[in-house]
Amino acid sequence: MTHPDTEHHDGTSDATPGGVEAARRPGELGFAIVLALASAALLYNAYGIAGFEALSSPGAIPMATTLAMLIAAVAIVVKTARLPKITGETLSRDIFPTAAIVFAVLLLGYGLLLQPFGFLPTSALFLIVAIKYLSKRSWLYTATVSIGSLVVIWLIFRIVFTVLMPAGIMPEAEFIQFFRNMFQGAK
Amino acid sequence: MDAFMAFLTVFSHPELLLLVGVGTFAGVYVGAIPGLSVTMAVSILISFTFSWDVLPAISLMIGIYMGGVYGGSRTAILLNIPGAPSAIATALDGFPMAKRGEAGTAIGVTTVMSFIGGFIGIGVLALAAPFVSDFALTFQPRDYMLLAILGVLLVGSLSSGSLLKGIFAGALGIAIGAVGRDPLTFTSRFTFDLSIMESGISFIAVMIGMFGVSEALLQLQHVNKASIRQKISRIVPSLKTVRKHLPLSMQTSTIGVIIGALPGTGGDIAALMAYDHAKRVTKNPERPFGDGAIEGLVAPETANNAAVGGAFIPMMTLGIPGDAVTAIMIGALYIHGLNPGPMLMVDQPDMFWFIVGALITANFFMLLFGLTGIRLFTKIVEMPRSVLIPLIMLLSIVGAYAVNNSITDVYWMLGFGFFGYFMRHYGYPLGPVILGVILSRLLDDNWRRAIISEREDLGRFFYGIVTSPLSLTLFIAVLLIFVSQTPIWSWGKAKLFGRKQGQS
Amino acid sequence: MKKTVFGAVSALVLGMSGAMAQDYPTKEIQGIIQWGAGGSTDTVMRSVTPHAEDVLGGTIVMQNMTGGVGAIALNHVAGQKADGYSLLMGAENPLLYKVMGLGDKDYTDFTPISILALGTPILVASPDAPFDDYAGMMDYINEHPGELRMGATGPGGLPSVVTAMMNTVEGDLDVISVPYDGDGPALTALQGNAIDVMPAVLGAAIEGIRAGKMKPLAVFDLDANDKLPDAPIVTSFNADYSDYLPWGPFFGVFVKKGTPDDVVTKLSAAYAEAAKSPDFVELMDNRGFSMLAISGDEAEAFLNKWQQNTAWLLDDAGLTKKSPEDFGIMRPAEK
């Protein structure tokens, strides 16, 4: 298959996935090995569900699928190992660059803070740090864009769709009830 | 005559017309945001419209449903993040078009095709509902299982890179779908004795992570690149284009109606099967599939909108939901004092015709709202990436949380986001993973039901397959598709037809 | 505008300093529904709660939290403060979590606000089944051992309890038990002849029976049901069933144990009032549920008795993971 534009091999289109067919990208073999090991572990786990008790056991399909995973993964490892290494790509520049690491840390931090801190403060912090880091524009711009979009998202999800995001340190429920009362009082 | 009057109810009552319109408009946006689902919107509407009359309440719900199924395609085309599972196949060719600056054309085709699909679905509902629902009821567990296997075989057409990696991804998806307590026996599967694993992994969380977060992470490498200017001059596809794809859209709509009418399968499976079908029957697409083939948009979009009409078929004729949304609508009908069931069509045929009328209205509104306001939508892709990327991530988080109000889902979503990021880098297709998760329960549950019903006897099981015309047809289809994907096929074909045709 | 901001701030301060119970509710109440949208628990809760809101003068935001046969929702509410701002809207299943090995919490960790309604089980058959009533089915099972396909919904569900009852009363039945993930899909399968017989809640089967798409074999109750007066009651075939009846699934609203008494009283009153509203009564009637709307000690006693009866029935049928004795669930007194 011909690739119409060079951006394709980063995988931003799913139908023609990333990767390079005829060469091995940095870390690709390691990834394949991890998948093979994980498949083996899952197969063992699937065997533990019910063993070979019956064709209809809850472990039957899981065992079949994890076996398929293991076979495919081992074949991928063998195939990948035979490919020549790609030239001109490094793990730290092309696969997991600084920006991706920064966002990995940011998202991890978000996950940890969401429950104790609550949705609004955590999200505001995340957006401000992320947008400032990426855009390198002024604090005023960053804060306006972040808070503005956060308010829109909050209104849609919390008010219209009544999704109860963790409130954390913000007394959201009291706040909303207050406005509701005021609104109903005015009617 | 009465039926005709009931059919016209929506058109003769401005307030009902307005409600369908408002619903459709809202639906397009609800559908476009990953994590906000039509199911969620409709269940909130139950409380909201509690004190209303039944007709306005149903009007609003139908509008949201129709608009929402269509809306999922928007973000799939513009951001490569399907707004709903039924739009996964749409992203495969829609996003490559947006990358060329042809988002306007893609949305235009999608809208018109959704309209056509929707119309066929409603047409079948209006004219052949009892017939189709009787047919849907004849599906036995083994038939559902064969259908699921047919679905699993789509892995081949969803992974144009390495088939091995596609198989791995598909099997992984099925395994993900099995995590948690098995709904049939409550046995723990892949839970590693952790209580957070008990409830399983929400497949919306997997989808949002793999498509949303991993996409945003990849975009980080292009953060300073100028965003693609979108040409939005030619939105409405020419009559010639529509006419050219009409035969295909008829076929894929039929797939949509039938899959939609089957209780337990819906628009998501229909869209993927239709995509696969299009790939098989289209001999010479203008562009290869996966690079922006128009047929790759036509098929899933006609199918998932046709599935809407399909889902109403068992609901109206038997009181059996065709999917999650119609399940909630059945609840709504109960609340409003009706008794949905096989007698509804007999006792209150007006309700049936009213719903058909409302669906048609919603379909027209969908066309209207789909073809307008595209400029606003394309502005989203033209936003600076430094703002867009963090926003996609935040929306992914909120969306994953909203599905089941669960922080655990957020963690899964983030985990699969990073996993998907590496999968993309190393050429593993993501579509098969989602396909696997969608089909996991269908395959697993029905295999077990089928083999239990035959007393664990494989001989009886196969005897059952060959003696039922439906099962036999499905079984032959499975065999044919399987063989066509293996090397033997191309070898045999080359022998038979000469090398030239064997290549395609 | 200034006034608004000031008001909002003072409301925040008020909210944070912890309002008195007589002001309850001062903020939104969360209602966590144990089952998914469109299910019967969901329908019941979404139709009764708006009436309760009117009485209460507050807002109840309802959320579906599914998974773990409802255990996820139960544990979530159990993890919240006992202040009456988190309601659990559920069905009967949690009373069996302990014996089924599904969790270590059940309704004993909660205070019932209202047990709204009780369902009646009914045994239905597909129209093509070669028998027309309960006695005919028993004959068929005896003549064709291991051929009858009976629907099930996993251990602890209504079909498993009814099946346990049948095994206890009639002796072990040699049938194939085909598992489904809810009575809806199972009844669909019944109409398509994928299974022959299904124990279900009356409300779910009633429309199908009226249309002739299912045959009623026996109503599992002591008296004939006024919705289906012609359907025979199971005790007319075998009087031994009366030891276990009436039995049925129920719906209820709960708060965590330790919630202030006046809040519980206020909520109970609101739901008691709401359960009287004509459209709710009509809805329950149409679906074949009998109204209970009990609260306080009466509800506690009801839950207790239900748990004893059902847990021991399942235990005797060998379906439990752990003995009810381990959790101090007493064997019901012999009648």
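Filter region B:167-203 down to the residues that are within 11 Å of chain C (Cβ to nearest Cβ), more than 25 Å from the chain's Cα centre (by Cα) and outside any loop (DSSP other than H, G, I, E, B) and list them by number.
Within region B:167-203, B:Arg181, B:Ser188, B:Ser195, B:Ile196, B:Met197 meet the criteria.
Say whether the condition of being surrounded by 24 or more Cβ atoms within 10 Å (Cβ to Cβ), within 14 Å of chain A (Cβ to nearest Cβ) and modelled with pLDDT of 90 or more is met by at least one residue in region B:261-269.
No, the conditions are met nowhere in region B:261-269.
Among the residues of region B:191-200, write down those that are surrounded by fewer than 22 Cβ atoms within 10 Å (Cβ to Cβ) and in contact (Cβ under 8 Å) with a residue 60 or more places away in the chain.
Correct list: B:Ile196 only.
Are any residues in region A:58-104 more than 8 Å from chain B (Cβ to nearest Cβ) and closer than 30 Å to B:Thr185 by Cα, and if so, which ones?
Once the filter is applied, which keeps residues that are more than 8 Å from chain B (Cβ to nearest Cβ) and closer than 30 Å to B:Thr185 by Cα, region A:58-104 yields A:Met63, A:Ala64, A:Leu67, A:Leu70, A:Ile71.
Can you pull out the strands (runs of 3 or more DSSP E) entirely within region C:181-290 that have at least 3 residues that are closer than 21 Å to C:Met150 by Cα and within 14 Å of chain B (Cβ to nearest Cβ)? Break it down into steps so the answer makes sense when it comes.
Details: elements: C:197-201, C:215-219, C:250-256.
Those strands (runs of 3 or more DSSP E) span C:197-201.
Determine whether B:Tyr428 is within 9 Å of another protein chain (Cβ to nearest Cβ), outside any helix (DSSP H, G or I) and at pLDDT 85 or above. Walk me through it before giving the result.
Details: within 9 Å of another protein chain (Cβ to nearest Cβ): yes; outside any helix (DSSP H, G or I): yes; at pLDDT 85 or above: yes.
Judged against the criteria, B:Tyr428 is a match.
Kindly establish whether B:Phe416 is more than 25 Å from B:Gly170 (Cα to Cα) and aromatic (Phe, Trp, Tyr).
On the way: more than 25 Å from B:Gly170 (Cα to Cα): no; aromatic (Phe, Trp, Tyr): yes.
No, not satisfied.
For C:Met45, state whether it is under 30 Å from C:Asp23 (Cβ atoms), outside any strand (DSSP E or B), under 15 Å from the mean Cα position of the chain (by Cα) and not polar (S, T, N, Q).
Numbers: under 30 Å from C:Asp23 (Cβ atoms): yes; outside any strand (DSSP E or B): yes; under 15 Å from the mean Cα position of the chain (by Cα): yes; not polar (S, T, N, Q): yes.
Spelling it out, C:Met45 is indeed under 30 Å from C:Asp23 (Cβ atoms), outside any strand (DSSP E or B), under 15 Å from the mean Cα position of the chain (by Cα) and not polar (S, T, N, Q).
This table checks each residue for (1) of a type outside the set (A, V, I, L, M, F, W, C); (2) touching a residue at least 40 places away in the same chain (Cβ under 8 Å); (3) surrounded by fewer than 19 Cβ atoms within 10 Å (Cβ to Cβ).
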position	(1), (2), (3)
C:Thr168	yes, yes, yes
C:Leu173	no, no, yes
C:Leu187	no, yes, no
C:Met198	no, yes, no
C:Ala204	no, yes, no
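Given the residues C:Gly38, C:Gly57, C:Gly90, C:Gly103, which is the only one that is small (Gly, Ala, Ser) and modelled with pLDDT of 90 or more?
Details: C:Gly38 fails: modelled with pLDDT of 90 or more; C:Gly57 fails: modelled with pLDDT of 90 or more; C:Gly103 fails: modelled with pLDDT of 90 or more.
Matching residue, one of C:Gly38, C:Gly57, C:Gly90, C:Gly103: C:Gly90.
Of all residues in region C:291-305, which are in a helix (DSSP H, G or I), in contact (Cβ under 8 Å) with a residue 24 or more places away in the chain and surrounded by fewer than 17 Cβ atoms within 10 Å (Cβ to Cβ)? Give the steps one after another, and end with the answer.
Filtering region C:291-305 for residues in a helix (DSSP H, G or I) gives C:296-305.
If we keep only those that are in contact (Cβ under 8 Å) with a residue 24 or more places away in the chain as well, we get C:296, C:299-300, C:302-303, C:305.
Within region C:291-305, C:Gly296, C:Glu300, C:Lys305 qualify.
Listed here are the residues, each with its yes/no results for (1) in contact with a Gly (Cβ under 7 Å, 6 or more places away or on another chain); (2) part of a helix (DSSP H, G or I); (3) among the acidic types (Asp, Glu).
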position	(1), (2), (3)
B:Ile328	yes, yes, no
B:Ala332	no, yes, no
B:Asn339	no, no, no
B:Asp350	no, yes, yes
B:Trp353	no, yes, no
B:Asn363	yes, yes, no
B:Met366	yes, yes, no
B:Val381	no, yes, no
B:Leu388	no, yes, no
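Please list, ordered by residue number, the helices (runs of 4 or more DSSP H) wholly in region C:52-156 having 1 or more residues that are in contact (Cβ under 8 Å) with a residue 60 or more places away in the chain and within 12 Å of chain B (Cβ to nearest Cβ). Break it down into steps so the answer makes sense when it comes.
Values: elements: C:71-78, C:97-100, C:134-143.
Passing ranges, in order: C:71-78, C:97-100.
Restricting to region B:117-148, give me the number of residues that are among the hydroxyl-bearing types (Ser, Thr, Tyr) and either under 26 Å from B:Ile451 (Cβ atoms) or at pLDDT 90 or above (or both). Walk me through how you get there before you give the answer.
Within region B:117-148, the subset among the hydroxyl-bearing types (Ser, Thr, Tyr) is B:133, B:138, B:144.
Filter again for either under 26 Å from B:Ile451 (Cβ atoms) or at pLDDT 90 or above (or both), leaving B:138, B:144.
Residues meeting the conditions: 2.
I'd like the residue in region C:235-275 that is modelled with pLDDT under 90 and of a type in the set (A, V, I, L, M) and, out of all such residues, is nearest to C:Gly31 (Cα to Cα).
Selected residue: C:Leu245.
Restricting region A:135-187 to residues that are of a type in the set (Lys, Arg) and assigned to a loop (DSSP other than H, G, I, E, B), which is farthest from the other protein chains (Cβ to nearest Cβ)?
First pass over region A:135-187, keeping only residues of a type in the set (Lys, Arg): A:136-137, A:158, A:180, A:187.
Subset that is assigned to a loop (DSSP other than H, G, I, E, B): A:136-137, A:187.
Details: A:Lys136: 8, A:Arg137: 8, A:Lys187: 14 Å.
Among those that are of a type in the set (Lys, Arg) and assigned to a loop (DSSP other than H, G, I, E, B), it is A:Lys187.
Every residue in region B:355-414 that is touching a residue at least 12 places away in the same chain (Cβ under 8 Å), more than 14 Å from every other protein chain (Cβ to nearest Cβ) and either of a type in the set (Val, Ile, Thr) or touching a strand residue (DSSP E or B) at 6+ places or on another chain (Cβ under 8 Å) (or both), please.
B:Ile355, B:Val356, B:Ile360, B:Thr361, B:Ile374, B:Thr378
The values are calculated or read from the model by the stated rules, or taken from the named source; none is laboratory data. Fair warning: this is a prediction, and the values are worked out from it, not measured in the lab. No Cβ is skipped: glycine too gets one built from the backbone with ideal geometry, and neighbour counts run over all protein chains shown.
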